[in-house]
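See below for the structure under consideration.
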Amino acid sequence: MIPEAGTGALLVALVLALYGATAAAIGGRRGRPALIESAQHAALGVFALITAGVLLLVYAFLTFDFSVRYVANNTNLGTPFYYRITSLWGALEGSIVLWAWMLSIYTLIVILRHRTSARELYPWALSVMLSVMAFFLLVMTVAAPVFARLTPVPGDGRGLNPLLEDSGMITHPVALYLGFTGFTVPFAFAVAALITGRVGDFWITTTRRWTIVAWYFLSLGLLIGGWWSYHVLGWGGYWAWDPVENAAFMPWLTGTALLHSVMIQERRRMLRLWNIALVMLTFGLTLFGTFLTRSGVIASVHAFSQGSIGIFFLSFLALVVLAGLGLIALRWDALAAQGELDSVVSRESAFLLNNVLLVAATFTVFFGTVFPLLAEAVRDTKVSVGAPFFNQVNVPLFLALIFLMGVGPLIAWRRASLENLRRNFLMPVLVGIVAAAVIRLLGVSSILAVVSLALTVFVAATIGVDLTRATRARLKMGEPALPALGGLLLRHNRRYGGFIVHFAILVVCVGVTGSQAWSVHTETTLKRGEETALGGYTIRFDGLRESQESNHGKVTGTFTVVNGGRAAGTVLEPAKKFYPQEQSPIAYVDYRLGLLDDIYLVLGDFARDGTSATVKFQVNRMVSWIWIGGLVLTLGTVLAILPERRRTS
Amino acid sequence: MKRAWRWLLPLAAVPVLALLAYGFRLNPREIPSPLVGRPAAPFALTSFDGAKLDLASLHGRVVVLNFWASWCYPACYEEAPVLERGWRAYRDRGVTVLGVDIQDKDEAGRKFVQDFSLSFPNAPDPGGKVSVDYGIYGVPETFFIDRQGAIRVKHVSALTDQIFKDTVERLLAEPAPPR
């Protein structure tokens with residue numbers, strides 16, 4: 001009964017979405033408010049029906065309804081309660097449901113916010129959003145039907161992929177998909193601008209906040225993904241340049257470029273063509289990401305399934321890319337009319353360079369990701385492109401970007417005078433140079449680490465210069481120090497929100513640099529009671545114990561940190577979990593996080609009688625900074641999207 | 001910019017899309033197995049009915065060695081009837097189908113054999129030794145072993161009647177080894 005009700009709801013939603021998309025387009029073309037209103041009702045209906053679908057699916061999971069194939073594939077009788085809910089997006093079919101559901105929520109918010117404020121563009125934007133919606137509903141009902149039946153009904157399900165039984169499972173996909181789907185809104189408005197021919201700056205100002213929100217969720221999704229990888233997968237890293245990581249990273253790069261280039265358009269009316277192309281590219285890359293994850297075209301640890309879904313996504317991707325670029329070509333003349341750069345030494349050119357570097361990084365990542373496919377097409381050989389390639393080409397680009405992060409916000413618009421440069425940059429540059437010398441003297445031998453950290457200090461100093469100068473100006477007017485700073489942040493929230501986000505990126509950068517440069521690891525076999533030392537810490541192996549959990553067996557090793565300052569006395573219990581449905585045991589990592597060092601243990605082979613065990617012992621440096629950066633990023637974003645107060649003051 | 005030029009923009013996307021479309025022709029899971037062409041690793045298992053299954057005793061017959069599991073929907077479920085049909089059609093012509101149930105619960109495996117009324121021998125692989133020897137990456141995977149005892153074909157994902165028939169006929173057409 002449930003599968004039929006679910007399928008029915010989704011089919012009706014599909015029809016409604018198609019109707020709404022058409023009605024909104026006709027309403028926009030003929031200027032008929034009644035039709036647009038009807039499209040709005042359709043969007044509301046779509047939201048209600050998908051919500052019903054989600055609830056039915058959750059109900060099927062909670063009641064172990066194994067007659068639904070998706071439920072049988074992703075749970076078994078031992079799956080704990082909350083993972084039965086998150087199993088909803090544990091595999092392909094359900095992820096699409098989650099995606100569509102979020103898109104329907106975004107659509108509702110667009111209706112609420114913009115139905116009166118953006119009359120010209122709104123009907124078309126609504127039509128585009130409902131069309132995208134219709135595509136996902138088509139996938140949900142035809143290509144990857146989530147409510148497909150399973151016969152014969154098995155007595156027990158297969159169970160969720162054990163790696164997905166983690167708290168990251170609750171947040172990582174949700175954040176990532178909120179980011180992915182969020183970019184649909186700027187895309188919809190860009191297409192609306194192209195269709196109506198109103199390619200001016202209105203659509204940019206309308207969607208600025210949307211872009212920030214989508215970008216923020218995407219950043220958060222990436223960071224949580226890193227955290228997940230770090231504490232679940234047991235290789236001690238947070239980023240592997242896996243195709244699917246790249247798939248999420250590429251729209252992040254172009255989205256970051258967009259956040260910056262729209263400022264130039266807002267201020268100088270330049271880059272119209274570029275911005276609209278960036279929006280298309282970003283949205284196209286979110287689809288490409290899903291295509292890559294779900295089609296199985298490129299081998300990846302994330303590639304869960306194969307099937308006809310790839311063809312659906314590729315066709316839609318082709319439609320979006322060709323139609324989008326075609327519309328741009330059509331409106332070329334209106335888009336190309338724009339201002340010119342006054343000087344190479346100006347904020348415009350700093351932002352432009354930032355954009356060029358970000359897009360270059362996107363292309364290298366794209367190239368590296370699809371290269372195996374290209375190699376097989378041209379040379380018929382299987383190759384894989386590994387982290388060394390991506391690091392080698394991207395690290396210099398990212399270092400240059402960090403440098404620009406210091407320059408961009410402070411350099412003058414149009415043409416920077418020598419006085420402007422001296423006033424803003426003399427001190428930060430000196431501080432950066434001194435920092436480089438100090439770091440070198442402290443014994444850091446890696447040139448890359450020295451450069452990266454010195455650049456970080458330089459950028460932090462530029463932020464410091466700006467903040468102290470602005471606060472001082474307020475102090476002169478008689479305000480006390482803290483309220484002066486607070487008032488500054490709130491009144492110029494967009495500028496200082498941006499600064500805080502920059503600061504967050506610096507914190508992440510320090511974490512990445514530190515962990516890459518100074519982490520150490522070893523793998524050793526210990527007898528019970530034996531000790532081993534690494535990077536200033538000594539651990540002792542105290543024995544093994546066996547236990548049976550609800551859906552797996554578990555062997556836990558006990559290790560005590562016997563030497564290492566505040567960490568001494570910590571007991572770590574890495575384990576191996578044996579799931580009946582998996583080929584090989586799953587490692588359960590145990591760790592002690594610290595601001596500077598993480599102690600990180602992975603249990604390897606062991607003697608069955610518990611007399612000895614092999615352990616992978618890592619001391620990872622400064623990884624926590626990456627997660628702290630994520631928190632700072634959240635603060636900055638919230639500040640940046642608050643309504644601006646400057647004008648009312 | 002000249003009128004015609006600007007249409008290069010959408011055109012530029014075509015090769016990329018074509019490359020991605022080409023990707024559908026490939027199966028990334030199909031990693032060339034180093035075992036093809038080599039003698040099949042010997043094993044002895046006890047079937048669900050308690051009978052001894054020894055690969056060595058099947059020398060001179062074509063062996064279709066299939067790795068499956070009861071939790072493997074839908075591929076193993078699609079494949080089970082194919083294997084059963086193949087076994088019935090070819091058992092008297094010198095072909096043996098062997099099923100190895102890996103990483104499974106005993107009852108679930110037995111139920112699977114019962115549900116599909118499989119009459120060819122099926123055995124659990126306790127400890128996973130056989131699946132490790134054959135480098136199993138996922139289920140289902142099937143090895144076709146010729147009458148000399150060498151692995152000739154490795155098939156990843158569900159078998160079809162056509163593949164079963166074609167491969168087995170080809171191996172049967174080869175001369176039998178001297179006794």
What are the residues in the stretch A:169-182 that are crowded, with 19+ Cβ neighbours inside 10 Å and either more than 17 Å from A:Val213 (Cβ to Cβ) or modelled with pLDDT under 90 (or both), if any? A:Met169, A:His172, A:Pro173
Among helices (runs of 4 or more DSSP H) entirely within the stretch A:1-90, at least 3 residues that are in contact (Cβ under 8 Å) with a residue 60 or more places away in the chain and in the same structural domain as A:Ser550 (by TED's automatic domain parsing) occur in none
Taking helices (runs of 4 or more DSSP H) that do not extend beyond the stretch A:100-218, which have at least 1 residues that are more than 19 Å from the chain's Cα centre (by Cα) and on the phi < 0 side of the Ramachandran plot? A:122-138, A:184-196
What tally of residues in the stretch A:1-53 results from selecting those that are touching a Ser or Thr at 6+ places or on another chain (Cβ under 9 Å), closer than 17 Å to A:Val132 by Cβ and β-branched (Val, Ile, Thr)? 3
Taking into account only those residues within the stretch A:543-555 that are more than 14 Å from every other protein chain (Cβ to nearest Cβ) and free of Cβ contacts under 8 Å to residues at least 24 places away in the same chain, which is nearest to A:Leu603 (Cα to Cα)? A:Glu546
For the stretch A:311-322 the number of residues that are touching a residue at least 12 places away in the same chain (Cβ under 8 Å) and under 16 Å from A:Ile195 (Cβ atoms) is 1
Flag for A:Lys577 being within 14 Å of chain B (Cβ to nearest Cβ), among the basic types (Lys, Arg), assigned to a strand (DSSP E or B) and surrounded by 15 or more Cβ atoms within 10 Å (Cβ to Cβ): yes
Looking only at the stretch B:96-121, which residues are under 15 Å from the mean Cα position of the chain (by Cα) and under 26 Å from B:Ala176 (Cβ atoms)? B:Thr96, B:Val97, B:Leu98, B:Gly99, B:Val100
Which ones in the stretch A:183-209 are of a type in the set (S, T, N, Q), surrounded by 24 or more Cβ atoms within 10 Å (Cβ to Cβ) and in contact with a Leu (Cβ under 8 Å, 6 or more places away or on another chain)? A:Thr184
Can you spot a residue in the stretch A:252-269 that is assigned to a helix (DSSP H, G or I), within 14 Å of chain B (Cβ to nearest Cβ) and at pLDDT below 90? no
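On the given criteria, is A:Leu88 surrounded by 23 or more Cβ atoms within 10 Å (Cβ to Cβ), within 29 Å of the chain's Cα centre (by Cα) and of a type outside the set (Asp, Glu)?
So A:Leu88 fits the description; yes.
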Helices (runs of 4 or more DSSP H) within the stretch A:285-401 that include 3 or more residues modelled with pLDDT of 90 or more and more than 8 Å from chain B (Cβ to nearest Cβ): A:309-330, A:347-378
Being surrounded by fewer than 22 Cβ atoms within 10 Å (Cβ to Cβ) and within 14 Å of another protein chain (Cβ to nearest Cβ) is the filter here, so list the residues in the stretch A:124-153 that pass it. A:Ala143, A:Pro145, A:Ala148, A:Arg149, A:Leu150, A:Thr151, A:Pro152, A:Val153
Would you pick out the residues in the stretch A:36-84 that are more than 14 Å from chain B (Cβ to nearest Cβ), of a type in the set (Ser, Thr, Tyr) and under 27 Å from the mean Cα position of the chain (by Cα)? A:Thr51, A:Tyr82, A:Tyr83
Taking the conditions exactly as written (over 11 Å from the mean Cα position of the chain (by Cα) and of a type in the set (A, V, I, L, M, F, W, C)), does A:Trp241 satisfy them or not? yes
Answer from A:Trp89, A:Trp99 - the residue that is at pLDDT below 95 and touching a Pro at 6+ places or on another chain (Cβ under 8 Å): A:Trp89
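The values are calculated or read from the model by the stated rules, or taken from the named source; none is laboratory data. Given the structure is predicted, the values throughout are model-derived calculations rather than measurements. Every residue, glycine as well, gets a Cβ built from its backbone with ideal geometry; the counts of neighbours run over all protein chains shown.
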